[in-house]
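**Q** Shown below is the structure under consideration.
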Amino acid sequence: MDSECYLKREETEMTKTIVFVHGAWMSPLCWEHFSKRYEAAGYRCLAPAWPGDERPVPELQRAPLPELAGLSVGKIVGHYERIIRDLPEPPILIGHSFGGLFVQMLLDRGLGAAGVAINPATPRGVLPGPIALWSALPVFLAPFSWRRTVRMSRRSFAWGFAQDLPPDEQRAAYDRYVVPTPGRIYYQAALGLGTRVNYANASRAPLLLTAGEKDRTAETGMIRSAYRKYQRSSAVTAFKLFPGRTHWLIAAPGWEEVADYALTWAREHARG
């Protein structure tokens, strides 16, 4: 049976709201496949941009707003918190990469009915792996990157996000999705500044952490380490490894499997 039909058939009585949280180097457009699939299953999907990322991708690529350089983890998470608190019902939160870290922080603040952190950056207390550090090295080597926006090269995207795609598909994905990002958040993540969560928080909503076997940006070992720390809590926490997948699993061929697993898990575990 087609998985999309399965999602429609198994629709719950109460329609859920889903809030997507994008990561570094991306605009909300990166969620276009997930959004269309979930909306077809009867969900209301919201994909708010980070402050300063609200414009079309070509404009962001050409001239990022000055305010983007001053963004911090705290400002981004606070931005999403305000949006979520204004919603009529607690939404399912789904984030990718840095967005997955933000989902964990939002759950820790008591927000959301369930959270899915897809190949996330990890909270304070989990050390980055050597491959992940290598992937982030261009940010740290860029002059004054802690106080300005930085750009990801095509080569970095191909190596760290989409190494299994053919070159023409790598170029097409880069041109469609990749935008400048604030360098400051990388320093915060590396040093654990402003990225703390209470791993023992028993009152937070259920959380699913996913990893990709071939991910060079968010290594599987990092995410497993975070999962082990969450065992201090009685709140529901799960881990899912997607074999053969890279960091770009939300839009690379086969993304449907990731989307369907995330929604099925969230729906089964979401709090009322």
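**Q** When the distances between all Cα atoms of region 134-216 are binned every 5 Å from zero, what whole-number percent does each bin get?
**A** Percent of Cα pairs in each bin: 3, 12, 17, 17, 19, 14, 11, 6, 1, 0.
**Q** So, counting K/R as plus one and D/E as minus one, what does the shell of residues with Cβ under 15 Å around residue 137 add up to?
**A** Combined, the nearby Lys, Arg, Asp and Glu give +2.
**Q** Right, here's the next one. Relative contact order of the chain: what whole-number percent is it, with Cα pairs under 8 angstrom and at least 6 residues apart?
**A** Relative contact order comes out at 22 percent.
**Q** What is the projected area of the convex hull of the Cα atoms of region 17-119, averaged over all directions, in nm²?
**A** 6.4
**Q** Translational diffusion coefficient, Stokes-Einstein: compute it for region 85-224 using the Kirkwood radius over C-alpha pairs as Rh, at 10 °C and 1.306 mPa s, and state it as an integer in µm² s⁻¹.
**A** After rounding, the answer is 99 µm²/s.
**Q** When the gyration tensor of region 3-269 is built from Cα positions, what are the square roots of 5 times its three eigenvalues, in whole Å, from largest to smallest?
**A** Ellipsoid half-lengths, sorted descending, are 26, 21, 19 Å.
**Q** For region 51-105, compute the orientation-averaged projected area of the C-alpha convex hull (one quarter of its surface), in nm².
**A** 4.5
**Q** Can I get the semi-axes of region 174-272's equivalent ellipsoid? Compute them from the C-alpha gyration tensor as square roots of 5 times the eigenvalues, in angstrom, largest first.
**A** 24, 21, 13
**Q** Choose one answer from 193, 111, 209: the residue with the largest mean-square fluctuation in a GNM of the chain with alpha-carbon springs under 10 Å.
**A** Residue with maximal mean-square fluctuation among 193, 111, 209: 193.
**Q** For residue 53, what charge total do you get from the other residues with a beta carbon under 11 Å from its beta carbon, if Lys and Arg give +1 and Asp and Glu give -1?
**A** Result for the local shell: -2.
**Q** Based on DSSP H runs of at least 4 residues, each adding -39500 (n - 2.57), what is the mean residue ellipticity at 222 nm of the chain after dividing by all its residues, to the nearest 500 deg cm²/dmol?
**A** Computed mean residue ellipticity for the chain: -12000 deg cm²/dmol.
**Q** Here's another thing I want to ask about it. Hey, could you get me the Stokes-Einstein D for region 64-136, Kirkwood radius over alpha-carbon pairs, 10 °C and 1.306 mPa s, rounded to whole µm² s⁻¹?
**A** Answer from the Stokes-Einstein relation: 119 µm²/s.
**Q** Hey, another quick one. Add +1 for every Lys or Arg and -1 for every Asp or Glu among the other residues with Cβ under 12 Å from the Cβ of residue 77, and state the total.
**A** Overall, the nearby charge balance is +2.
**Q** Any idea how many Lys pairs in the chain come in under 21 angstrom at the alpha carbon, given 8 or more places apart or on separate chains?
**A** Value for the chain: 5.
Every number here is computed from the coordinates shown, using simple stated rules; none is lab data. As the structure is a prediction and not an experimental result, all values here were calculated from the model. All Cβ positions, even for glycine, are placed from backbone atoms using ideal geometry, and neighbour counts span all protein chains on display.
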